[in-house]
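Data block below; observations after.
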Amino acid sequence: MPISYTELPRDIVEISGADQRSFLQGLISQDIEKVTAARSAYSTFLTPQGKYLHDFIMLQCGDSLLFDCEQGRSADLVNRLSRFKLRADVALAPKADLKVFAVFGDGAAACLGLETTPGATVQNGNVTITVDPRTEKLGCRLIGPMAEIEAVLHQHDIQASEFSSYDQRRISLGVPDGSRDMEIEKSILLESNIDDLHGIDWEKGCYMGQELTARTKYRGLVKRRLFAFETGESKAVTGEPVVAGDKVVGDVRSTSGNLLLASVRIDALEDVETPVSLETAPLKRLTPPSY
C-alpha cells in the first residue's frame, strides 16, 4: 500500500503542572512513566466499576502532556478528570490549534525517520510525530499546528488519501475507534482488544477500574470481543444484529465500505457448524492480526 496521509477527527487536551504525572497515575490504565519525549503510549480512563469512559494516545510535548482523544468528547474528558484535581498542581485545557494527521502505508515510519516500533516518537519543529502506540500497522500520527504538519507532509512528498482508506485499515486490524466501537459506561477493556493494543499496564499500582479489569483477565471472564468482518458487496449498518442461526450473538459497531467491527460472543465464533452473519448478508471474519 503506498504511503499516504489523512486528517483524523480528533481533539487534543493539554495536561500541565508540577503534579501532572502523579495525578494521572492513579486514574488511567497505563503507566504514565512510559511516556517520554521519545515514546508515546495508549491508555484509557474508566468508571470505578471498570467500564469504558475514554481512550487516548498520550505524548510528551515540552513540559506538558498531550492527550490525543476522540473528537467532540474532550470537554467531557477534561470535566471528568478535573473532579479528581483537589489541591494538585494540574491544569487541563483543550488545544483547538493542534490537529492530528495519520500517515499510513508500507514504510510510513521509515519515511518519517522513525523506527518501526509502537510509540517511537520524534519532534519536528512544533510537530510531534509518533508511531501509533497501539500497533505500528496503523502507521504514524502527526500532532501540531496545521500549517507545520502540512509542511512536514510536503517535505516528504506524501500524498493525500480519503479518511475511509485509513478507517478500513483500522477496522481490518480490530482497533476500536472510541465510542464508535465501545459503549460508554458499559464496555470493558478486554472485550475491546485494549490489552492486545498495549493500553493496559498490568504491573502498575492501583487506578480507576483496576479491580474489575484484573478480575476479568485472571478469571477468564471475557465472553465477547470486537472482531473484524467483511460483508462482500453489502454494507452493514451500525447497531445491526449479528446472528448465528436464529440467535442474536452480537451487534455491528463501526463500519467503512464493506468492512465492519462487531462485538460478538466468542462461543458463537467457535461453533463452525453455524456461521455468524448479518440478517441480510453473510459475514467473512478477517484473520485476527498479530500485534
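For segment 234-246, putting each phi into the Karplus relation 6.51 cos²θ - 1.76 cosθ + 1.60 with θ = phi - 60° gives couplings of 7, 10, 7, 10, 3, x, 5, x, 9, 10, 10, x, 9 Hz, in residue order, rounded to whole numbers and with x for Gly and Pro.
Of the chymotrypsin sites (Phe, Trp or Tyr not before Pro) found in segment 161-202, those that fall in a DSSP loop while having at most 15 other beta-carbon atoms within 10 Å are Trp202. Set against the labelled values [x] 29, 25, 21; [y] 41, 20, 17; [z] 31, 25, 15, semi-axes √(5λ) of the Cα gyration tensor in Å computed from this structure falls on [z]. Of the GluC sites (Glu not before Pro) found in segment 182-288, the ones in coil according to DSSP and having at most 16 other Cβ atoms within 10 Å of their Cβ are Glu183, Glu185, Glu203, Glu233, Glu273, Glu279. Of the residues Thr117, Val152, Phe163, the one whose Cα sits farthest toward the positive end of the charge dipole of the chain, with +1 on the Cβ of Lys and Arg and -1 on the Cβ of Asp and Glu, is Thr117.
Note on Lys247: aspartates and glutamates with a C-alpha under 15 Å away, same-chain residues under 8 apart excluded, are Asp267, Glu270, Asp271, Glu273, Glu279. Report summary: the helix-based calculation at 222 nm, which adds -39500 (n - 2.57) for every DSSP H run with n ≥ 4 and divides by the residues of the chain, gives -5000 deg cm²/dmol. Evaluating 6.51 cos²θ - 1.76 cosθ + 1.60 at θ = phi - 60° for every residue in segment 46-57, the Karplus couplings come out as 10, 6, x, 8, x, 9, 4, 10, 8, 10, 6, 9 Hz, glycine and proline recorded as x.
A straight chain from Thr274 to Lys247 at 0.36 nm per residue would run longer than the Cα-Cα distance by 8.7 nm. Full extension of the chain segment joining Ser234 with Asn79 gains 51.8 nm, where the gain is 0.36 nm per residue of separation less the Cα-Cα distance.
Please identify the trypsin sites (Lys or Arg not before Pro) of segment 1-97 that satisfy two criteria: DSSP loop assignment and at most 13 other Cβ atoms within 10 Å. Which are they? For trypsin sites (Lys or Arg not before Pro) across segment 1-97 that sit outside H, G, I, E and B with at most 13 neighbouring Cβ atoms in 10 Å, the list reads Arg83, Arg87.
Sorted ascending by nearby beta carbons within 10 Å, beginning with the fewest, Met208, Met146, Met182 become Met146, Met208, Met182. Taken as Cα centroids, segment 97-169 and segment 13-56 sit 22 Å apart, rounded to the nearest whole angstrom.
Placing +1 on each Lys and Arg Cβ and -1 on each Asp and Glu Cβ, with no other charges, gives segment 1-148 a dipole about its Cα centre of roughly 440 debye.
Values quoted throughout were computed directly from the atomic coordinates according to the rules given, and no laboratory measurement underlies them. Bear in mind the structure is a predicted one, so any value in this text is a computation, not a measurement. Because the Cβ atoms are built from the backbone with ideal geometry, glycine has one as well, and the counts that use them run over all protein chains shown.
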